[in-house]
1. Residues to consider are Val80, Val103, Val120; find the one that is among the aliphatic types (A, V, I, L, M) and closer than 30 Å to Arg203 by Cβ.
2. Taking the stated definitions as given, is Ala204 surrounded by fewer than 20 Cβ atoms within 10 Å (Cβ to Cβ), touching a strand residue (DSSP E or B) at 6+ places or on another chain (Cβ under 9 Å) and not polar (S, T, N, Q)?
3. Looking at this structure, is Ala240 surrounded by fewer than 14 Cβ atoms within 10 Å (Cβ to Cβ) and farther than 24 Å from Met69 by Cβ?
4. Would the stretch 249-261 turn up any residue that is touching a helix residue (DSSP H, G or I) at 6+ places or on another chain (Cβ under 8 Å) and surrounded by fewer than 18 Cβ atoms within 10 Å (Cβ to Cβ)?
5. Might you check whether a residue that is touching a Ser or Thr at 6+ places or on another chain (Cβ under 9 Å), modelled with pLDDT of 95 or more, under 19 Å from Phe221 (Cα atoms) and basic (Lys, Arg) occurs anywhere in the stretch 157-175?
6. Can you name the number of the only condition in (1) closer than 30 Å to Met74 by Cβ; (2) out of contact with any strand residue (DSSP E or B) (no Cβ under 7 Å at 6 or more places or on another chain) that Ser184 fails?
7. What is the number of the single condition among (1) surrounded by fewer than 16 Cβ atoms within 10 Å (Cβ to Cβ); (2) without any contact (Cβ under 8 Å) to a residue 12 or more places away in the chain that Leu160 does not meet?
8. Pairs needed: first member in the stretch 179-191, touching a residue at least 40 places away in the same chain (Cβ under 8 Å); second member anywhere, in a strand (DSSP E or B) and not aliphatic (A, V, I, L, M); C-beta distance under 8 Å; at least 6 residues apart or different chains.
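The values are calculated or read from the model by the stated rules, or taken from the named source; none is laboratory data. Remember, predicted model here, so these are calculated numbers, not experimental data. Don't worry about glycine lacking a Cβ; one is built from the backbone with ideal geometry, like all the others, and counts go over all protein chains shown.
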Amino acid sequence: MSRLSKKDRQGIILIAGVILVALGMVAFNAYLSGRPRPDERNCVAPVTAKTVFVIDQSDAIPEQTASEMRSRAMKTVAEVVQANELVSVFVITEQSRTKLLPVFSACKPQQDGSELTENVKAIQRRFTENFQKPFEAALAVAAKKSEASPLGEAIIDLSLSDSLRAGKSRLVLYSDMMQHSENSSLYGCSDGNAAIQSFRLHRAGAVERPTFKNTDVQLNFIPREGVGEAVAACRTRFWAWFFGDNDGANAALTTDYLPGGAKVS
């Protein structure tokens, strides 16, 4: 048997290389076809983390304050929220007692990929069109003056819904935290314990305060000048009680203030 020429050996190596590449592509395509596809909210089961933004739109919000709210929310999504984490946005108005529905709800999709195996431009385009733009639009909805601000009731309803039920969750609120409904009002309040008792009394037969599991609660206060020391102290006492049932390694309650100086209306 004659020895193969150098040219023949190179041809065999080339053919073998082509075969290996083809087999690799077949295997990769099989891998992709076996991966679960995102649903209509960009989510791939199982969703193990959720972030809920709650924006109190029951009173006017100065543009300076609203701009900072949007900036903080977008930074949280960009730097903290993970891929395939469900992000929802709710707004609080006087209608939130019976019509509390998200104005946005979608999982954060993949934002980048490998140039070798994926269409990176298509991935980035889907991220922008299916997630980033709708999310930013939801944050930009203008606030309107409402006769009530049922913040406590809305948060309880969220805690009882699927919106915050996950391995770990994050609840981010942008509000002056001035609870005002037929159940309890912090306007004119001078006794935090009395405000708590009033809320509990009116909630008899329903959940009195939320129970959170492994939830990072972040309060971003919309400043209202002219609240007064007594009302401010009452507000602090009420919400300390309200958020007092939160267990788990991820459980936390932090507060921060937004810029601006809107007067109490």
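1. On the way: Val80 fails: closer than 30 Å to Arg203 by Cβ; Val120 fails: closer than 30 Å to Arg203 by Cβ.
Only one candidate passes the filter, namely Val103.
2. No, not satisfied.
3. When the stated conditions are applied, Ala240 does not pass them.
4. yes
5. There is at least one residue in the stretch 157-175 that is touching a Ser or Thr at 6+ places or on another chain (Cβ under 9 Å), modelled with pLDDT of 95 or more, under 19 Å from Phe221 (Cα atoms) and basic (Lys, Arg).
6. (1)
7. Of everything listed in (1) surrounded by fewer than 16 Cβ atoms within 10 Å (Cβ to Cβ); (2) without any contact (Cβ under 8 Å) to a residue 12 or more places away in the chain, Leu160 misses just condition (2).
8. From the stretch 179-191, the pairs are Gln179/Ser149; Gln179/Ser185; His180/Ser149; Ser181/Ser149; Leu186/His180; Tyr187/His180.
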